Each structure stands twice: as C-alpha cells, then as structure tokens.
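Q: This is the structure I want to talk about, given as structure tokens.
The values are calculated or read from the model by the stated rules, or taken from the named source; none is laboratory data. Note that the structure is a prediction, hence the values are computed from the model and not measured. Quick reminder, even Gly has a Cβ in these numbers, built from the backbone with ideal geometry, and neighbours come from all protein chains shown.
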Amino acid sequence: MPTLGKNVEYAIHSLVYFVGSPKESTITIRDLSKFQNISETYLAKAFTKLKKYGIVRSNIGVKGGYSLAKTPDQITFLDIVLAVEGEISFFQCNGIRERCILVDRGDLPWAKGDFCAIHQVMIETENKIKESLKAKNLQWLYETIKKESNSKLIERSEVWFENNVFKS
C-alpha cells in the first residue's frame, strides 16, 4: 500500500507550532529542525513546497523565517499532503482484465470510459481517505494536542519558542 513520505509528517509536526505563536512572528527552518531534532534539509524542501501551495509565506530580513499564510482552521491535512506529496493515487489500474482470454473486448464497460467494479472500490476508498484528511486541520490538531497532553506539551513548546525564537 502506498505510504506518505516523512516530509508530510515533518510538515504537519512543524506547522502546528505556528498555531500558538505570537502574531506577526516568524520561525526559521533552523529553529524548527533544532527544536524537533530533525533534518534541516528535509524540512526546507517541505517548506518550499508548502510556500508554493500557499500554506506558508516566507519573510526575509532580520525577522526572516516562515509564518502561516492562512488561519490554522483553513489549513487541512489534505492541503498539507497535496502540497508536500502532490496529487496522490491510492490505486493504479494496470488493465489486467483486458488480458483475460474470455473477455469480449467489444462489450466492456471500461472500454466505454466506465470503471470496473475493482477500480470503483479503489476510487471510493481514496475519496474517503481524502475526505478524512480534509476534515482535520491545524487548529483541530493544536486543540487536540493541548487537550490530550493536559496542555503541558503545548505550554512547554510555546515557552521554548518564546525563549529561543521570539525574544526581542
């Protein structure tokens, strides 16, 4: 089964830290990679794609770094996946049914542009996955983490960023 790359995980983990950050603040790739102890190179590639997709914006200069280009409730998991991985397909039809010696090629539903039952199930499954990813956003993630960890993880993260990134 196809899997999403680690850049999706890096992106989602990193983007949630923007949710509780002060307005007009930016966070650098270096700070995010240091905080999470992950590859700066991988994270930079993911953020280049996130910027191109309109999820983050980059700011240059002394206060340079990245900030969210939309509000956290407008950035869905599906947006992040599509930005980082591009359009994904759960199923690749290889037309194996057309090789069957019993098939009358002139009377095939798929020869008229319709999908066979197998392909239809795979499309339905893919659509359900996409709907699920679209139903969750960064605001939901932030609130869920805050609730499940009794706010301690979010509070400690916000303190770290305040002391190491946002201090004037």
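Q: Of the conditions (1) part of a helix (DSSP H, G or I); (2) at pLDDT 95 or above; (3) among the charged types (D, E, K, R), Lys70 clears all except one; give me its number.
A: (1) is the only condition that Lys70 fails.
Q: Of all the residues that make up region 48-71, how many are of a type in the set (Phe, Trp, Tyr) and under 14 Å from Leu32 (Cα atoms)?
A: In the first step, residues of region 48-71 are kept if they are of a type in the set (Phe, Trp, Tyr); the result is 53, 66.
Keeping just the survivors that are under 14 Å from Leu32 (Cα atoms) gives 66.
Here the count works out to 1.
Q: So, one more: Listed residues Leu32, Leu43, Leu4; which is free of Cβ contacts under 8 Å to residues at least 60 places away in the same chain and touching an Asp or Glu at 6+ places or on another chain (Cβ under 9 Å)? Reasoning before the result, please.
A: Numbers: Leu43 fails: touching an Asp or Glu at 6+ places or on another chain (Cβ under 9 Å); Leu4 fails: free of Cβ contacts under 8 Å to residues at least 60 places away in the same chain.
On inspection, the qualifying residue turns out to be Leu32.
Q: Just a yes or no: is a residue in region 74-83 closer than 16 Å to Leu133 by Cα, under 11 Å from the mean Cα position of the chain (by Cα) and among the polar types (S, T, N, Q)?
A: Step one: list which residues in region 74-83 are closer than 16 Å to Leu133 by Cα, which gives 74-83.
Now narrow it down to the ones that are under 11 Å from the mean Cα position of the chain (by Cα): 75-83.
From what's left, among the polar types (S, T, N, Q): 76.
Taking every residue of region 74-83 in turn, at least one turns out to be closer than 16 Å to Leu133 by Cα, under 11 Å from the mean Cα position of the chain (by Cα) and among the polar types (S, T, N, Q).
Q: Pull up region 11-28, narrow it to residues that are part of a helix (DSSP H, G or I) and touching a Ser or Thr at 6+ places or on another chain (Cβ under 8 Å), then point me to the one that is modelled with the highest pLDDT.
A: In the first step, residues of region 11-28 are kept if they are part of a helix (DSSP H, G or I); the result is 11-19.
If we keep only those that are touching a Ser or Thr at 6+ places or on another chain (Cβ under 8 Å) too, we end up with 17-18.
Values: Tyr17: 92, Phe18: 95.
Top of the filtered list is Phe18.
Q: Taking region 118-130 as the region of interest, how many residues are basic (Lys, Arg) and surrounded by 15 or more Cβ atoms within 10 Å (Cβ to Cβ)? Talk me through it step by step, then tell me what you get.
A: Step one: list which residues in region 118-130 are basic (Lys, Arg), which gives 128, 130.
Checking which are surrounded by 15 or more Cβ atoms within 10 Å (Cβ to Cβ) leaves us with 130.
The number of residues fulfilling the criteria is 1.
Q: Kindly indicate whether any position in region 107-122 is of a type in the set (A, V, I, L, M, F, W, C) and modelled with pLDDT of 85 or more.
A: In the first step, residues of region 107-122 are kept if they are of a type in the set (A, V, I, L, M, F, W, C); the result is 108, 110-111, 115-118, 121-122.
Right, trim to modelled with pLDDT of 85 or more and you get 121-122.
The answer is yes, given that some residue of region 107-122 is of a type in the set (A, V, I, L, M, F, W, C) and modelled with pLDDT of 85 or more.
Q: Give the number of residues within region 46-67 that are within 18 Å of Val81 (Cα to Cα) and either in a loop (DSSP other than H, G, I, E, B) or in contact (Cβ under 8 Å) with a residue 60 or more places away in the chain (or both).
A: Number of matching residues: 3.
Q: A further question follows. Going by the structure shown, is Leu133 closer than 22 Å to Thr26 by Cβ, surrounded by 15 or more Cβ atoms within 10 Å (Cβ to Cβ) and not hydroxyl-bearing (Ser, Thr, Tyr)?
A: Numbers: closer than 22 Å to Thr26 by Cβ: no; surrounded by 15 or more Cβ atoms within 10 Å (Cβ to Cβ): yes; not hydroxyl-bearing (Ser, Thr, Tyr): yes.
Criteria not met by Leu133.
Q: Given the condition within 18 Å of Leu133 (Cα to Cα), in contact with a Lys or Arg (Cβ under 7 Å, 6 or more places away or on another chain) and either surrounded by fewer than 14 Cβ atoms within 10 Å (Cβ to Cβ) or not hydroxyl-bearing (Ser, Thr, Tyr) (or both), answer yes or no: does some residue in region 8-20 qualify? Steps first, please.
A: As a first pass, look at region 8-20 and keep what is within 18 Å of Leu133 (Cα to Cα): 8-16.
Subsequent filtering for residues that are in contact with a Lys or Arg (Cβ under 7 Å, 6 or more places away or on another chain) retains none.
Scanning region 8-20, I find no residue that is within 18 Å of Leu133 (Cα to Cα), in contact with a Lys or Arg (Cβ under 7 Å, 6 or more places away or on another chain) and either surrounded by fewer than 14 Cβ atoms within 10 Å (Cβ to Cβ) or not hydroxyl-bearing (Ser, Thr, Tyr) (or both), so the answer is no.
Q: Could you please find all residues in region 46-66 being surrounded by 16 or more Cβ atoms within 10 Å (Cβ to Cβ) and more than 14 Å from the chain's Cα centre (by Cα)?
A: Ser58, Gly65, Tyr66, listed by residue number.
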